[in-house]
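The values are calculated or read from the model by the stated rules, or taken from the named source; none is laboratory data. Predicted model, so just to flag it, every value in this text is computed and none were measured. Here the Cβ positions follow ideal geometry from the backbone for every residue, glycine too, while neighbour counts run over all protein chains shown.
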Amino acid sequence: MTTPRFVLMRHGETDWNTKNQYQGSSDIPLNAVGRAQAGAAAGWIAHLNPVAIWASPLERALDTARAVASFTGQQVNVDPRLAELDYGDFEGWTWEQIEKVEPGLAAWRDGESDGRWSASGETGAEVMARMGETLTHLDRVTEPGPILVCSHGTAIRLGVAALVGWDYPEIWKLASMGNCCYTEVIREFDAWRVERLNVPPQWNFSG
């Protein structure tokens, strides 16, 4: 019997990544390195034989998913609930810039707040809820097997926490995901567990 699982892949590099700027809901595209990363990692991810490919609508994640789909011949399905946490007015800022004007940021980092950086953005708890609901729905409507989801670093960590039943602050025990890395969670006996965490790409995989 095929085990239900999610392969949760972060997008390739963007210019904002190189400057440590928070992207959130801003639709920042892959840069040349990111496009090369996605293309180089695509065969490696395709070798996992996903039964379906889903992506955030943000271009950086969607184009990463399309690179994999070019190997598998599958359709890329888009769900807006897979988008990154909306950082509101602080999108485009670095951590150091935000710290100077937002004294409560340390509490967010330490999991002592609900995770809202900006009044115009989302809380971590809100994103954890929508990611959990979305992944649970995809698991329910998709045949058993690896479901590839191309999304974003914070959204993926929040989704993993929702599936395995962690409280919101627990996600900060997970390392930040690298570009084109993936985390795998599997469902056995109606319970989810982390099988692999932040697995780095095998570039130009040929087997």
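Report, by residue number, each residue of the range 122-161 that is touching a Ser or Thr at 6+ places or on another chain (Cβ under 8 Å) and of a type in the set (Gly, Ala, Ser).
Those that are touching a Ser or Thr at 6+ places or on another chain (Cβ under 8 Å) and of a type in the set (Gly, Ala, Ser): 124, 145, 151, 153, 155, 159.
For the condition over 22 Å from residue 198 (Cβ atoms), part of a helix (DSSP H, G or I) and under 18 Å from the mean Cα position of the chain (by Cα), what is the one hit in 35, 66, 60?
On the way: 35 fails: over 22 Å from residue 198 (Cβ atoms); 60 fails: over 22 Å from residue 198 (Cβ atoms).
Unique residue meeting the criteria: 66.
Could you list all residues from the range 43-57 that are hydrophobic (A, V, I, L, M, F, W, C), surrounded by fewer than 24 Cβ atoms within 10 Å (Cβ to Cβ) and either more than 14 Å from residue 75 (Cα to Cα) or touching a Gly at 6+ places or on another chain (Cβ under 9 Å) (or both)?
Passing the criteria: 44, 48, 51, 52.
Using the structure shown, decide if residue 74 is at pLDDT 95 or above and over 13 Å from the mean Cα position of the chain (by Cα). If you could, list the steps in order and put the result at the bottom.
Numbers: at pLDDT 95 or above: yes; over 13 Å from the mean Cα position of the chain (by Cα): yes.
When the stated conditions are applied, residue 74 passes them.
Among residues belonging to the range 1-35 that are in contact with a Lys or Arg (Cβ under 8 Å, 6 or more places away or on another chain) and aliphatic (A, V, I, L, M), point out the one that is surrounded by the most Cβ atoms within 10 Å (Cβ to Cβ).
Top of the filtered list is 30.
Among the candidates 84, 99, which residue alone is within 25 Å of residue 128 (Cβ to Cβ) and either in contact with a strand residue (DSSP E or B) (Cβ under 7 Å, 6 or more places away or on another chain) or crowded, with 16+ Cβ neighbours inside 10 Å (or both)?
Working: 99 fails: either in contact with a strand residue (DSSP E or B) (Cβ under 7 Å, 6 or more places away or on another chain) or crowded, with 16+ Cβ neighbours inside 10 Å (or both).
Criteria check complete, one pass: 84.
Quick one: how many residues across the range 132-173 are touching a residue at least 60 places away in the same chain (Cβ under 8 Å) and among the small types (Gly, Ala, Ser)?
Of the residues in the range 132-173, the ones touching a residue at least 60 places away in the same chain (Cβ under 8 Å) are 135, 138-139, 142-156, 158-160, 163, 171-172.
Those left that are additionally among the small types (Gly, Ala, Ser): 145, 151, 153, 155, 159.
Residues meeting the conditions: 5.
Among the residues of the range 127-177, which ones are aromatic (Phe, Trp, Tyr) and either within 12 Å of the chain's Cα centre (by Cα) or outside any helix (DSSP H, G or I) (or both)? Spell out the reasoning first.
We begin by selecting, within the range 127-177, every residue aromatic (Phe, Trp, Tyr); these are 166, 168, 172.
The one that is aromatic (Phe, Trp, Tyr) and either within 12 Å of the chain's Cα centre (by Cα) or outside any helix (DSSP H, G or I) (or both): 166.
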